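In what follows, a single structure is set out as structure tokens and then discussed.
The values are calculated or read from the model by the stated rules, or taken from the named source; none is laboratory data. Note that this is a predicted model, so its numbers are computed, not measured. Glycine also receives a Cβ, built like all others from the backbone with ideal geometry; neighbour counts cover every protein chain displayed.
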Amino acid sequence: MNDHTAPSRSADDTLISAQDRFIATWGQMGSTWGISRTMAEVHALLFITGQELCTDDVMARLEISRGNASMSLRALVDWGVVQRVHKRGDRKEYFAALSDVWALVQAIVRERMKREVQPVLVGLHELRDMTGVGAAPADAAQAERLAQHNERLDALLDLIHLVDAMGSKLAELPGEQLRATASAIAESSRSEG
């Protein structure tokens with residue numbers, strides 16, 4: 001009896017295939033979040049393999065240039081989601097991703113707040129200052145438009161300050177407390193629905 005079935009894939013092949021799919025998915029998600037696809041893929045590689053990899057390893061696995069790998073690794077270190085690792089007796093610099101998903105969330109929240117929310121707050125405060133105490137309306141209609149403008153801007157400022165305070169607090173919580181907080185919020189929304 002001839003067995004013409006295809007040989008089964010090895011566990012290593014299956015693992016590598018699953019890792020590659022994760023890397024592609026994470027890269028796509030990262031690009032929708034406003035970071036480069038390559039940066040997200042480099043992070044995904046380091047995270048899902050759980051290995052300390054050097055720039056050459058990253059280049060080979062993702063088939064990217066040295067410059068692209070170096071820039072992505074540097075940005076990930078700046079974000080605080082990847083750390084530099086030195087191996088005794090090896091001159092190469094290695095990199096490892098945070099393995100705790102809650103620490104990862106906190107690092108991402110901190111960076112997004114710094115890059116996105118805080119600049120918006122600065123801009124909104126500058127706008128509010130333009131129409132504040134020094135603004136002298138010419139007539140009652142202009143005064144009313146100015147008051148309405150400031151009310152809308154103040155409401156928006158209150159909202160963005162609240163988002164900033166929540167993000168800052170979430171970024172400071174210990175991992176288990178962050179998980180408990182997220183679980184409580186999710187549970188309360190389930191019970192309301």
Test result for V58, touching a residue at least 12 places away in the same chain (Cβ under 8 Å), closer than 20 Å to R110 by Cα and under 23 Å from the mean Cα position of the chain (by Cα): no
Any hit, the range 64-85, residues being over 27 Å from W33 (Cβ atoms) and aliphatic (A, V, I, L, M): no
Residue within the range 99-118 that is in contact with a helix residue (DSSP H, G or I) (Cβ under 7 Å, 6 or more places away or on another chain), part of a loop (DSSP other than H, G, I, E, B) and under 25 Å from A44 (Cα atoms) present: yes
Residue among A171, A141, A165, A180 that alone is within 30 Å of T55 (Cα to Cα) and either assigned to a helix (DSSP H, G or I) or touching a Phe, Trp or Tyr at 6+ places or on another chain (Cβ under 6 Å) (or both): A171
Positions within the range 65-89 being among the small types (G, A, S) and either more than 12 Å from the chain's Cα centre (by Cα) or in the same structural domain as R110 (by TED's automatic domain parsing) (or both), in sequence order: S65, G67, A69, S70, S72, G89
Some residue of the range 78-90 being assigned to a helix (DSSP H, G or I) and of a type in the set (A, V, I, L, M, F, W, C): yes
Test: residue in the range 56-63 that is in a helix (DSSP H, G or I) and in contact with an Asp or Glu (Cβ under 7 Å, 6 or more places away or on another chain): yes
Q19, sole failed condition from (1) more than 20 Å from E111 (Cα to Cα); (2) without any contact (Cβ under 8 Å) to a residue 12 or more places away in the chain: (2)
Test: L127 is of a type in the set (A, V, I, L, M), in contact with a helix residue (DSSP H, G or I) (Cβ under 6 Å, 6 or more places away or on another chain) and free of Cβ contacts under 8 Å to residues at least 40 places away in the same chain: no
From the options S17, S72, S10, residue that is surrounded by 14 or more Cβ atoms within 10 Å (Cβ to Cβ), of a type in the set (G, A, S) and either at pLDDT 95 or above or on the phi < 0 side of the Ramachandran plot (or both): S72
Filter result for the condition that a residue is assigned by TED's automatic domain parsing to the domain that holds V163 and surrounded by 11 or more Cβ atoms within 10 Å (Cβ to Cβ), over I108, I23: I108
Which listed residue is surrounded by 13 or more Cβ atoms within 10 Å (Cβ to Cβ) and touching a Leu at 6+ places or on another chain (Cβ under 9 Å), from A143, A182: A182
